[in-house]
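Throughout, read-outs are computed from the coordinates displayed, never taken from laboratory work. Everything numeric in this text was worked out from a predicted model, so none of it was measured. With ideal geometry, Cβ positions are generated from the backbone for all residues, glycine too; neighbour counts draw on all protein chains shown.
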Amino acid sequence: QVQLVDSGGGLVQPGGSLRLSCAASGNIFSINVMGWYRQAPGKQRELVATITSGGSTNYADSVKGRFTISRDNVKNTVYLQMNSLKPEDTAVYYCNAQLKLASYNGWADYWGQGTQVTVSS
């Protein structure tokens, strides 16, 4: 069984910083892309950033220059460093991992339980 446990959310003032972490555990054969998505109240879930196993990154335009995604392939962990936070960054943040449980399996998406980020003065 695979688990993704994300953490690090909280309440922060505008201009502040937070670092989110997400660790994947279980009988994992390989992880391809890992990423972060967010969902604000009344809105659809949207991509924030992704990173491949080789380290290639992709960011939503709204977070470019402020957020940095990274990963530790040994620990199966992905991080999101969020700087210069704005009230519009307020959302539940979910980590995602595209992984295989065995060499003969196809890639499947797994999700963390979500962590709340609130940016407010």
Give me the pairs, please: first residue somewhere in segment 69-84 and at positive phi, second residue anywhere and part of a loop (DSSP other than H, G, I, E, B), beta-carbon distance under 9 Å, and either six or more positions apart or on two chains. ASN76/ILE28; SER84/PRO14; SER84/GLY15; SER84/GLY16; SER84/SER17; SER84/GLY65; SER84/ARG66
Count of segment 90-121 residues which are without any contact (Cβ under 8 Å) to a residue 40 or more places away in the chain and either in contact with an Asp or Glu (Cβ under 8 Å, 6 or more places away or on another chain) or within 16 Å of GLN44 (Cβ to Cβ) (or both): 0
Among strands (runs of 3 or more DSSP E) entirely within segment 14-121, at least 3 residues that are buried (at least 20 other Cβ atoms within 10 Å of the Cβ), touching a Phe, Trp or Tyr at 6+ places or on another chain (Cβ under 8 Å) and among the basic types (Lys, Arg) occur in none
When segment 1-13 is checked residue by residue, the ones that are surrounded by fewer than 14 Cβ atoms within 10 Å (Cβ to Cβ) and not in a strand (DSSP E or B) are GLN1, GLN13
Among the listed residues VAL12, VAL48, which satisfies the condition of being under 15 Å from THR118 (Cα atoms) and touching a residue at least 40 places away in the same chain (Cβ under 8 Å)? VAL12
